[in-house]
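J.: Have a look at the structure that comes next, please.
The values are calculated or read from the model by the stated rules, or taken from the named source; none is laboratory data. The structure displayed is predicted, hence computed values, not measured ones. Cβ sites come from the backbone with ideal geometry, for glycine too, and all protein chains shown count toward neighbours. Surface areas here come from the heavy atoms of the whole protein model, side chains and all, with no ligands, DNA or RNA. Shrake-Rupley method; radii C 1.70, N 1.55, O 1.52, S 1.80 Å.
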Amino acid sequence: MADNIRMDSHKLIYHPDVVAKWLAGENIYPIEIEISPSGACNHRCVFCAVDYVGYQPSFLDKETILRDIAQMSKKGLKSVICSGEGEPLLNKDMPDIANGIKKCGVDVAMSTNGVLFTKEKIEECLDAFTWIRFSIASMEEKSYEQIQQGKAGDLERVKANLSEAVRTKRDKKLKTTLGVQCLLLPENMAQLPDIAKQLQEIGIDYLTVKPYSQHLHSENTFQIDYNAMLELEEELKEYETEKFSIYFRANAMKKMHLKKCYIQCYGLPFMTHIDAKGNIWPCVAHIGTEAFCYGNIYEQTFEEIWEGRKRKKVIEQLNALDVNKVCRESCRLDEINKYLNELKHPGEHVNFI
């Protein structure tokens, strides 16, 4: 599983044809998009990066998003992640959206807090997903409620839903990868072994532990010394088995506060973000900054927006900015940007392979 997931790396190496077109200056279409089926959320996590958006009850229209995904699949789109600024399952059409994306020949995945992924929802759409990642900060009720700030009983619901998802996967012999993501905070670091132990017993495929990355506009702020937490990796690895993996993102933690080695974000053409109101953004870091909005899928098709002048103008504006000042630390595109930067600026010895 580790080689396929490449949790702390990137997968552009598997798309050399698209990278070659990019290097040649062609206007490529995204390989991956992240969509926000819902702007609302049933939790108020203390680490939420997009709290500043305001958890608005906006929901992507099923017909509109599937129209554009069908169109984009012919242009090179390979995957869609249902995540974004809210809880995807608050959109009543989420199962239909997932199944519809899969029917377009596009891989689909979802990040969720898991509270609403009930037996009924699991039966409706589990087989559509390549992977599902549950965001769980603790497996202990008091700590869970303190960090994720949901309703009483949410953790028990999540545990039950995890068990049901594992049972359904086994009974139907599905390939869907079921993982849990835990954001490492001082408040939950002592509980990580217990989290790993319980997830292994439930039958989840993996646990990934990642660092907090400050969003420039977020009202939530943390100052965390991850160097003091790196030793947790060895302790957690004791819970690994042939069927349960641990991804402790030490590389991402070590990169915190380091200056980026590239001068602009080369990765923007390869992925993009559609929020719950249908606005298309370069990435999550710029949601809400109107000057950086490419357009809206309720006003134009994705193709019209992607080929339009406004997007080209936004890219020009972004390329003029200092990535060390306007981008998040440990950004999702960081490893992609390092790779593309090397391709864009090869050294003198590259022919000596």
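J.: Going from the alpha-carbon gyration tensor of the stretch 1-88, what semi-axes, largest first and in whole Å, does one get by taking the root of 5 times each eigenvalue?
T.: They are 29, 19, 12 Å, listed largest first.
J.: Also, quick follow-up: Given Gln214, Ala291, Ser143, which one lies farthest toward the positive end of the charge dipole of the chain, if we put +1 on the Cβ of every Lys and Arg and -1 on the Cβ of every Asp and Glu?
T.: Checked the options; the winner is Ala291.
J.: Report, ordered by chain and residue number, the aspartates and glutamates lying within cross-link reach of Lys142, taken as a straight Cα distance under 15 Å and ignoring same-chain residues fewer than 8 apart.
T.: Filter leaves Asp154, Glu156, Glu187, Asp194.
J.: What span do the alpha-carbon atoms of the stretch 211-325 cover on each of the three principal axes, reported in whole Å from largest to smallest?
T.: So the extents along the principal axes, rounded to whole Å, are 52, 34, 27.
J.: Quick one: work out the % antiparallel among DSSP beta bridges in the chain, nearest 5.
T.: 15
J.: Sort 133-142, 189-198, 213-222 for me by packing, meaning the mean count of neighbouring Cβ atoms within 10 Å per residue, highest on top.
T.: Peptide ranking by packing, descending: 133-142, 189-198, 213-222.
J.: Cβ neighbours within 10 Å, averaged per peptide: list 245-258, 340-353 in order, most packed at the top.
T.: Going from most to least packed, we get 245-258, 340-353.
J.: State the percentage of accessible surface on the stretch 192-302 attributable to carbon and sulfur atoms; use a 1.4 Å probe and exclude ligands, DNA and RNA.
T.: Roughly 46 percent, rounded to a whole number.
J.: Computed FRET efficiency, Cβ-Cβ of Lys344 and Lys75, R0 30 Å: what is it to the nearest 0.05?
T.: About 0.80, to the nearest 0.05.
J.: Can you compute the charge dipole magnitude of the stretch 5-53 about its Cα centre, using +1 on each Lys and Arg Cβ and -1 on each Asp and Glu Cβ, nothing else charged? Give it in debye, rounded to the nearest 20.
T.: Dipole about the Cα centre, nearest 20: 80 debye.
J.: On to the next question. For a quick check of understanding: with a 1.4 angstrom probe and all protein chains in place, what accessible area in square angstrom does Cys104 have, to the nearest ten?
T.: The accessible area of Cys104 comes to roughly 40 Å².
J.: Are any of the pairs Lys255/Lys313; Lys210/Lys237; Lys11/Lys344 more than 19 Å apart by Cα-Cα distance, and if so, which?
T.: Lys255/Lys313
J.: Another one. With +1 on each Lys and Arg Cβ and -1 on each Asp and Glu Cβ, how big is the dipole of the stretch 98-202 about its Cα centre, in debye rounded to the nearest 20?
T.: Here the stretch 98-202 has a charge dipole of around 480 debye.
J.: Once every DSSP H run of n ≥ 4 in the chain is given -39500 (n - 2.57) and the sum is divided by its residues, what mean residue ellipticity at 222 nm do you get, rounded to the nearest 500 deg cm²/dmol?
T.: -9500 deg cm²/dmol
J.: Let me ask something else about it. Which whole-Hz couplings ³J(HN,Hα) result when phi for each residue of the stretch 94-99 is put into the Karplus expression 6.51 cos²θ - 1.76 cosθ + 1.60, θ = phi - 60°, listed in order with x for Gly and Pro?
T.: Listing the rounded values in order: 4, x, 5, 5, 4, 5 Hz.
J.: Continuing with the same structure: For Glu140, list long-range residues whose amide hydrogen, built 1.01 Å from N in the peptide plane, is under 5 Å from its own amide hydrogen.
T.: Here nothing satisfies the definition.
J.: Phe59: net charge of surrounding residues, Cβ under 15 Å, Lys/Arg +1, Asp/Glu -1, itself excluded?
T.: That works out to -4.
J.: Then there's this: Would you work out the charge dipole size for the chain about its Cα centre, treating the Cβ of every Lys and Arg as +1 and the Cβ of every Asp and Glu as -1, and quote it to the nearest 20 debye?
T.: 760
J.: What are the residues whose amide H is under 5 Å from the amide H of Gly150, where those residues sit 5 or more places off or on another chain and H is modelled from the backbone?
T.: Arg44
J.: Skipping prolines and chain starts, which residues have an amide H placed within reach, meaning under 5 Å, of the one on Gly295, given they are 5 or more residues away or on another chain?
T.: Placed amide hydrogens put Ile280 under 5 Å from Gly295.
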